[in-house]
1. Please pick out the residue among R222, R245 that is touching a residue at least 24 places away in the same chain (Cβ under 8 Å), at negative phi and part of a helix (DSSP H, G or I).
2. I need the helices (runs of 4 or more DSSP H) fully contained in segment 303-421, keeping only those with at least 1 residues that are within 30 Å of R451 (Cα to Cα) and touching a residue at least 40 places away in the same chain (Cβ under 8 Å).
3. Are any residues in segment 374-418 in contact with a helix residue (DSSP H, G or I) (Cβ under 6 Å, 6 or more places away or on another chain) and among the small types (G, A, S), and if so, which ones?
4. Looking only at segment 196-206, how many residues end up being more than 20 Å from R84 (Cα to Cα) and in contact with a helix residue (DSSP H, G or I) (Cβ under 8 Å, 6 or more places away or on another chain)?
5. Which condition from (1) under 17 Å from I90 (Cα atoms); (2) outside any loop (DSSP other than H, G, I, E, B); (3) of a type outside the set (S, T, N, Q) is the one that G207 breaks?
6. Against the definition (at pLDDT below 95, among the aliphatic types (A, V, I, L, M), touching a Gly at 6+ places or on another chain (Cβ under 9 Å) and surrounded by fewer than 21 Cβ atoms within 10 Å (Cβ to Cβ)), how does L452 come out, yes or no?
7. Is there a residue in segment 45-68 that is in contact (Cβ under 8 Å) with a residue 12 or more places away in the chain, out of contact with any Gly (no Cβ under 8 Å at 6 or more places or on another chain) and under 16 Å from N137 (Cβ atoms)?
8. For segment 1-70, list the helices (runs of 4 or more DSSP H) that sit wholly inside it and hold at least 1 residues that are out of contact with any Ser or Thr (no Cβ under 8 Å at 6 or more places or on another chain), surrounded by 20 or more Cβ atoms within 10 Å (Cβ to Cβ) and of a type outside the set (A, V, I, L, M); which are they?
Amino acid sequence: MPFFDNQYAKRDGLELAHLLYSGQVSALELMTEAIEAANTVDPLLNAFCFPRHEAALNEARTATLRGTFGALPFVFKDSGLAARSHGGSIGSRLFSGTVSPEDSTLADRFRNDGFISFGRTTVPELCMAPTTEALQNGGPTRNPWDPTRSAGGSSGGAAVAVATGVVPIAHGSDGGGSIRIPAACCGIYGLKTSRGLVPHGPRKGEGWGGLAVHGVLTRTVRDSAAALDGIAGMEAGAPYAAPARPRSYLSELEKAFDRPLRIAKWAKGWDDVPIDLDCIEALNAAERALISLGHEVVEVALPPLDYSGFVEALIDVLCANAAMSVKDFLATSPKAGWKRLLEPAIRDAVLIGNDLSALRYVAAINTFHRVGRALDAQMVSYDFVISPTLTRSPLPLGELSMETDFRSFRRQAARYTMFLALMNASGQPAANLPLFRNSDGLPVGVQLIGRLGADAEVLKLSAHLERETRWADLKFDSTRANAPWQRRSLNVATSQPCR
């Protein structure tokens, strides 16, 4: 009989760790549960790739409990995070089967804190889309609440793994919203940490001109806080200093704020980009919850910045990185006809990146820095900002397609993700709050933005809102008989498993 009669999926990581350390369950039992759950979910939702099930079962069978989480089932995002025991593809047919010769600092920190990874989770090609529909994956990654819609991206597979209870915590990364987007689409919690807080090394010092950060996706705020306790902190040789942090993020969650907070509210978009009513209703629900907690919420004008100019700068940096990734790969693994192995938008990005001037790249980085100053100027008067996470509910699959040129693709994506990549440019912490469902039962997220380095405060306010709104009651119940990802209840074609 499955562990606790299908109770595994209902417990968060800290609760499972307690059961491990108290001897009430074994690491092998948990890993068996996780792999069985992944095998049930994946034929329809298509969230997992590069499985290492037998190796993970063997590791669990002989595991010595360590760190906060003991020996907890886990998955790495297929984002290129170096781990010698895991193949990968970064969502690309060109890179498929790539194996790193060394472990990253972050992979080591995850293992030392008690995580055992049984594979990777799906991403769009080169992680450059807000929806996970890479050809490499054999089909799109589907939203567990409505499999005709996107699970988000680029950490789309990771969000599905957490939302359906396959794992309570999954690795993610965020270079323009890639943790917050799928967290919003799948109804879970996702924190983009402050720049420099979580390591990139030892082979890299940053990603995408300082935009990208690593982190986790979880169902509970306390799991995110506990995971951050294990992975955060300065790394020797890193180009950015890690922000000051408390002794324990987890221990901060129960503390009260020493005064009522002043919170800014962004309810309109730059360049007159429309925001769906569902997203505004979610924002208003967050405002009501904050007021009930005794805080002040003030709707304010957006910081004055050139959003369309920022989007062009972002496109330039993405193109430069796409070109460099392909160049580095081909230098060691030449492939004839490699262009045919890239999707049209990414192939175009590589061509743009090859021709991009150094002057234009520097101008893009300077644009990011101007954005950071504009946002910081508004934060002087407020403790936090709330905004919609996305401008629309989860997108129908196929609406945002890479069958086009890269600039058109990213401009369209930038309208959907308007409030997200700006925080990557500024380096500020920002989290998706899963506290609302629309009339169709789809998750609609709210973004909570803090000052640079104020990750503990973002986590603490998130935990207060989690208790106030009881968003745990809205979580996806993967054990119910009519769970929407169960194949018998849907007339949706299944995906082909990716390698």
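The values are calculated or read from the model by the stated rules, or taken from the named source; none is laboratory data. Computed from a predicted model, the values in this text were never measured in an experiment. As a convention, Cβ positions derive from the backbone with ideal geometry for all residues, glycine included, and neighbour counts pool all protein chains shown.
1. Values: R245 fails: part of a helix (DSSP H, G or I).
On inspection, the qualifying residue turns out to be R222.
2. Qualifying helices (runs of 4 or more DSSP H): 307-332, 358-379, 406-416.
3. S393, A414
4. 1
5. With (1) under 17 Å from I90 (Cα atoms); (2) outside any loop (DSSP other than H, G, I, E, B); (3) of a type outside the set (S, T, N, Q) applied to G207, the lone miss is (2).
6. Values: at pLDDT below 95: no; among the aliphatic types (A, V, I, L, M): yes; touching a Gly at 6+ places or on another chain (Cβ under 9 Å): yes; surrounded by fewer than 21 Cβ atoms within 10 Å (Cβ to Cβ): yes.
No, not satisfied.
7. Scanning segment 45-68, I find at least one residue that is in contact (Cβ under 8 Å) with a residue 12 or more places away in the chain, out of contact with any Gly (no Cβ under 8 Å at 6 or more places or on another chain) and under 16 Å from N137 (Cβ atoms), so the answer is yes.
8. So the answer is 27-45.
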